[in-house]
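Have a look at this one before I ask anything.
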Amino acid sequence: MSFLFEGVARLRASDWLLLLIPVLISLAGVLTMHTFGGDGSLAPRQLVWILIAIGLFILFASLDLRFLRRTPVIVAAYIAVLTLLALLLIVAEPIQGAKSWFSLGAFSFQPADAAKLVLIALLAKYFSRRHIEIRNIRHILVSGAYAAAPALLVLAEPDLGTAVILGAIWLGMILMSGVSKRHLAAVALLGIVGVALLWFGGFEEYQRTRITAFLNPAADIQGAGYNAYQAVVAIGSGEILGKGIGYGTQSKLRFLPEYETDFIFAAFAEEWGFVGVVLLLSLYGILVFRLAHIARRSPANFDALFTLGVAILFLSHIFIHGGINLGLLPVTGTTIPFMSYGGSHLAMEYTALGIVVSLARYGRSVSRELEEREYEG
């Protein structure tokens, strides 16, 4: 405990911004999921997870984590998450039809969340050493293979939402690395072919049903299109100022399913209205802007790419989760950062920010040339 207090003391004013914004968003999520007098509220458990996640942020922000740039460390972490994802398919019990969780008594762990962070580190390392040669399509294909391995394992669970996020991380990071437009067109063509193959041989029947329901939700409002329809109703009923905290009828009366996780944005919009949504998106915008600012000032390519990768991770979740809740994207079961219920994704998100703070702090203490020479292995 004393170590955490020392870590808090070492945080600078600029570091606190990366903690304050996520905490505010997390608390907004707690207020949205709390039943206020009803039974079965997930808010108390979420508060515990938030405290644990804050502790992880302080811990990682306090440590010198420059060793994470070392290739053996990143490769070991990558192999570890691939092994865990493969083990899920063998030993995990299905939860809501997907083998996504290791159950450890009262706690559960989702390796896919760790896989996102490890993939960011792997791609940051790969592109930091080959940024001059990035226009060579070979590097795009190799990095794509690194992203495809965990994505395919996640897709086999099946978890389409996480697989899409992993793909978005890879796409965002190659764009940040300076891929040529010609090669980008080739990647897009490969993506279209990949989607076609998944449609006819990879997607489960319920996943295809969700996509067709997205294209025409009115065709099956009581079935596959129900969730998306109720989410849009909830958002629209919030109007300008919302119905008030705890007075969301669509969520609290259970018309809107999974309102603590997959559809918490819709539940929040119902209670807080348009003004609340603008405030929430502004907080996310400030956080992403701050990450971009840190990336620009990073002393090493790895630090900059890792920080940008974290920003891409958050943006991917925000756009996909928001798009699903607004009926603009098919339902894939994706959380929104810091707000949705669950400890696994919270721990990963706060840890990611802690690593960013550590790299930004300790990276400036050594010259760039010396640092890259020291950690180039």
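Less than 14 Å Cβ to Cβ from I25, Lys/Arg counted +1 and Asp/Glu -1: what total charge do the surrounding residues give?
0
Once fully extended, how much extra length lies between V233 and A145, figured as 0.36 nm per residue of separation less the alpha-carbon to alpha-carbon distance?
Full extension of this stretch gives 27.6 nm more.
So what's the net charge close to L256: Lys and Arg +1, Asp and Glu -1, counting the other residues with Cβ under 15 Å from its Cβ?
With Lys, Arg at +1 and Asp, Glu at -1, the neighbours total -2.
Take the alpha carbon gyration tensor of the range 38-99, find the square roots of its eigenvalues, order them as a ≥ b ≥ c, and report rounded if a/c is under 1.5; if not, report prolate when a/b exceeds b/c, else oblate.
In terms of gyration-tensor shape, oblate.
With point charges of +1 on the Cβ of Lys and Arg and -1 on the Cβ of Asp and Glu, referenced to the Cα centre of the range 226-278, which listed residue (Y226, I245, F265) lies farthest in the positive direction of the dipole?
The one lying farthest along the dipole's positive direction is I245.
When S340, S237 are ordered from fewest to most other Cβ atoms inside 10 Å of their Cβ, what list results?
Ranked by crowding around the Cβ, least crowded first: S237, S340.
Enumerate by residue number the trypsin sites (Lys or Arg not before Pro) in the range 246-300 meeting two conditions: DSSP loop (anything except H, G, I, E, B), and at most 13 other Cβ atoms within 10 Å of the site's Cβ.
Listed in order of number, the matching sites are R254, R297.
Can I ask one more? Computed FRET efficiency, Cβ-Cβ of F274 and L253, R0 22 Å: what is it to the nearest 0.05?
According to the calculation, E is roughly 0.50.
Add +1 for every Lys or Arg and -1 for every Asp or Glu among the other residues with Cβ under 10 Å from the Cβ of A234, and state the total.
That sum, taken over residues with Cβ under 10 Å, equals -1.
Only the coordinates and a few stated rules stand behind these numbers; no lab work does. The shown structure was predicted, so the numbers you read here are calculated from the model rather than taken from an experiment. With ideal geometry, Cβ positions are generated from the backbone for all residues, glycine too; neighbour counts draw on all protein chains shown.
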